[in-house]
Every structure is written in structure tokens, then in C-alpha cells.
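Report on one structure; see the data block that follows.
The values are calculated or read from the model by the stated rules, or taken from the named source; none is laboratory data. Predicted model only: the values in this text are computed from it and were never measured. Cβ: placed from backbone, ideal geometry, glycine included. Neighbour counts: every protein chain shown.
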Amino acid sequence: MTLFAKKATSAFAWASVASAMSVAVSIGLVSPAQAIFPAITVPNASQSPYPGTNPASFGYFIDATAPFFLDGLGFSSQQGWPQGTSPYEVTFWFFKNGGISPLDYTQIASVTFTPGTPYHFQDNYFWQSFAPIYLPGTYTDTDPGNLRGYVIAAIGDFSDLPGNVQFEGGTATVSPKFVLGGNGFNNSSFPGPPTGFYPIPIGDGGVGINGYFNPNLSYVPGPLPILGAATAFGMARRMKRRVNSAR
């Protein structure tokens, strides 16, 4: 098993917004007036049961090409789950220092999806929205060590039982505002060392960028307010870097 923190970098500089990492999020159902703009879409998703220890987490690492507002989290729709009894939590983290320590991760937002509860439905995902949270770009020239990024996961029971979801594979189409860094998983009894990462999905399942799309995130499109518009953009492109440590 491989521990990894994936980081892709590009050519954009950003104004420091470190204080945004401490924002407390009040979660509510999506109102009809609030549009959802998914970071990814998965036109041909497929599901498979997870034979390992449950609960588990499945998700992916992602970078933002510029500062953005996060305004919602999504959970993939799968047949049978709305009639089941298993809730699932979708959590979004920021990481620094390559994500090599659990202390490098800061939770930005988290929502729980409970079967039988009505949620906004769009692009094969259920959605919950919240007040927009301003977050920095991480595919940028201001990160020369390629050590910052985001990771999102769906957390719950992925075994092959009625009412449980399965981990979701496929090939995602990614919004130009984001760069997909790769997929990861974890479970509640992952062997160590290192330990202490659960539920952060740091285990490399060997599927590259094709899979583990149970969670999703929504962003505010269009120009940012003056705080974001003041950002100066560079043009040098750099290669993607992955920080790997053997378990």
C-alpha cells in the first residue's frame, strides 16, 4: 500500500487567504435559487463493492487553477441507496507540506447525506450547499515545492449490502478551474506505519485518475470579487509532482 499526497501545479499566483481555513460552515439543503457548478462530471460511472474493512473513505486530490469560492458538496447517486439506512459524510480538506502528516490537513467543510432525506439532484449527484468559502488557488507559481492542494472524500460503508453505496469509478470531465491530481482511499483499520490519517484518503488504489468519484464539490463561477480579482497571474507552467511514502 502506498501513502501519497498528490499535487499538480500551474501558472497562477494568488493573494494569501490563510484565514479562510478557519471558517466554520453552516450546512443546509440547496435552495432553488443557488446554482450548482460541479468541479467534475462522470458521464459513464461504474460501481464496485469494497471488500476491505468498513467504514472506509474514497475520494481524490484536486488543485484549483486560481482562487475560488467553494459553495457546496455532492454525493453520487446510486441505485438502492435512497431506500437504505447508511448515511455517508462528504468532507473537503486543504493540505500543505505535501500532506505527509495528518497535521498537514485542515478540514474546510463537511456534510452528511442521509437516505430518505430530499436533496437537490443534478448531474447524477445529490447536493448540499452552504455560504461560499473563499479558498486559494493551488496550481500556482507561488507554490514552488508543489506542496499545497485539496482532497475530498465520501466516508461510510462501501460493502456489498442493501442500502450501502459502492465505490464509483469512471473517467471524469474536469472544470477548467481545477486539475485532478489522482485518487485515494482509506479505511478505519488501515495498517501502519504511518497511522492517524483516517478518514483522509491517502491510500493509492492504483487507478490513476480513473475512479473514486463518490464525492464532488461545487464552486461559484465567473469573476471573483475585488479580493480575488486583485491577484496577479504568472504564465510559467510546471510539472505535476506526487509525494509518495511507502507504508
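Could you pull out the residue among V174, V151, V165 that is among the aliphatic types (A, V, I, L, M) and closer than 21 Å to Y105 by Cβ? Give the derivation first.
Values: V174 fails: closer than 21 Å to Y105 by Cβ; V165 fails: closer than 21 Å to Y105 by Cβ.
One residue alone meets the criteria, V151.
Give the residue, chosen from F94, F113, F130, that is hydrophobic (A, V, I, L, M, F, W, C) and under 15 Å from P82 (Cα atoms). Outline the logic, then answer.
Numbers: F94 fails: under 15 Å from P82 (Cα atoms); F130 fails: under 15 Å from P82 (Cα atoms).
Among F94, F113, F130, only F113 is hydrophobic (A, V, I, L, M, F, W, C) and under 15 Å from P82 (Cα atoms).
What residue, among those in the range 95-132 that are in a strand (DSSP E or B) and in contact with a helix residue (DSSP H, G or I) (Cβ under 6 Å, 6 or more places away or on another chain), is surrounded by the most Cβ atoms within 10 Å (Cβ to Cβ)?
Taking the range 95-132 and keeping what is in a strand (DSSP E or B), we get 95, 105-113, 120-122, 125-132.
Add one more test, that the residue is in contact with a helix residue (DSSP H, G or I) (Cβ under 6 Å, 6 or more places away or on another chain), and what stays is 95, 106.
Numbers: F95: 25, T106: 13.
Out of the qualifying residues, it is F95.
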Check whether at least one residue in the range 110-122 is of a type outside the set (K, R) and closer than 22 Å to P176 by Cα, and report yes or no. yes
Go through the range 49-63 residue by residue and tally those that are touching a strand residue (DSSP E or B) at 6+ places or on another chain (Cβ under 6 Å) and more than 17 Å from F126 (Cβ to Cβ). 10
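May I ask you to verify whether A5 is modelled with pLDDT under 95 and either in a loop (DSSP other than H, G, I, E, B) or surrounded by fewer than 21 Cβ atoms within 10 Å (Cβ to Cβ) (or both)? Reasoning before the result, please.
Values: modelled with pLDDT under 95: yes; either in a loop (DSSP other than H, G, I, E, B) or surrounded by fewer than 21 Cβ atoms within 10 Å (Cβ to Cβ) (or both): no.
Answer is no for this residue.
Have a look at L73, L103 and point out the one that is of a type outside the set (G, A, S) and free of Cβ contacts under 8 Å to residues at least 12 places away in the same chain. Talk me through it step by step, then tell me what you get.
On the way: L73 fails: free of Cβ contacts under 8 Å to residues at least 12 places away in the same chain.
Only one candidate qualifies: L103.
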Pairing a residue in the range 117-133 that is on the phi > 0 side of the Ramachandran plot and touching a residue at least 24 places away in the same chain (Cβ under 8 Å) with any residue that is surrounded by 16 or more Cβ atoms within 10 Å (Cβ to Cβ) and not hydrophobic (A, V, I, L, M, F, W, C), where Cβ atoms lie under 6 Å and the two sit 6 or more apart in sequence or on different chains, gives D123/P38; D123/T41; N124/S77
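Residues I36, I40, I108: which one is in contact (Cβ under 8 Å) with a residue 60 or more places away in the chain and farther than 23 Å from G170 by Cβ? Spell out the reasoning first.
Numbers: I36 fails: farther than 23 Å from G170 by Cβ; I40 fails: farther than 23 Å from G170 by Cβ.
It is I108.
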